[in-house]
1. Using 7 Å Cα-to-Cβ label points, what is the Thr97/Phe9 separation (nm, one decimal)?
2. Can you pull the percent of Cα pairs in region 9-60 with separation above 16 Å?
3. Please list, ordered by chain and number, the residues whose modelled amide H lies under 5 Å from the amide H of Val92; skip anything fewer than 5 residues away on the same chain.
4. With every protein chain present, what is the per residue accessible area of the chain (1.4 Å probe, Å²)?
5. For the chain, just list the percent of Cα-Cα distances falling in each 5 Å bin from zero outward, please.
6. Amide H to amide H, which residues 5 or more places from Asp66 or on other chains are under 5 Å from it, using H placed in the peptide plane?
7. If you filter region 20-98 for trypsin sites (Lys or Arg not before Pro), then keep DSSP loop positions with at most 11 other Cβ within 10 Å, what is left?
8. Nearest 500 deg cm²/dmol is fine: what mean residue ellipticity at 222 nm does the chain get from its DSSP H runs of n ≥ 4 alone, each adding -39,500 (n - 2.57), divided by its residue count?
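The values are calculated or read from the model by the stated rules, or taken from the named source; none is laboratory data. Given the structure is predicted, the values throughout are model-derived calculations rather than measurements. Cβ placement follows ideal geometry from the backbone for every residue including glycine, while neighbour counts extend to all protein chains displayed. Ligands, DNA and RNA are excluded from the accessible area calculation, which covers all protein heavy atoms including side chains. Shrake-Rupley method; radii C 1.70, N 1.55, O 1.52, S 1.80 Å.
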Amino acid sequence: MGATEQRIFAMGGASVLPSSTDWPMYRYMLDLTGRDRPRICFIGTASGDDPSYRAGFYATFARHTDAGHLATFDIQVKDIAGFLLEQDVIFVGGGNTANMLAIWRLHGVDKAL
């Protein structure tokens, strides 16, 4: 997807559990990329990088995408901006938005996005 074709698809209240009925919305989101197997990155900062939330994300998306994540409490990625720019979809999980933004600012995630 070229720079002129970038989109923001905002949603809330959806579930990433494999039993979720939200898959049609996710399919639409993935279809917006124009790729058969888009790269999608989960950022779970707002939930404290909760491992069960991340596991639900992988269980829901790994069959249909090249799924990955950016942990912000135990950062393993050296070039955050470069890593995020390689993604077709950035999926930000819900939780405490104020804490999330503070942590993003600390590590430069806000600027990268």
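1. Rounded to a tenth, the inter-label distance reads 2.1 nm.
2. Tail fraction, whole percent: 45.
3. Amide H neighbours of Val92: Ile43.
4. Computed with neighbouring chains in place, this is 60 Å² per residue.
5. 2, 11, 23, 25, 21, 14, 4, 0
6. Those qualifying (amide H under 5 Å, at least 5 residues apart or on another chain) are Arg39, Ile40.
7. Values: sites: Arg27, Arg35, Arg39, Arg54, Arg63, Lys78; in loops: Arg35, Arg63, Lys78.
Qualifying residues, ordered by number: Arg63, Lys78.
8. Computed ellipticity for the chain at 222 nm equals -10000 deg cm²/dmol.
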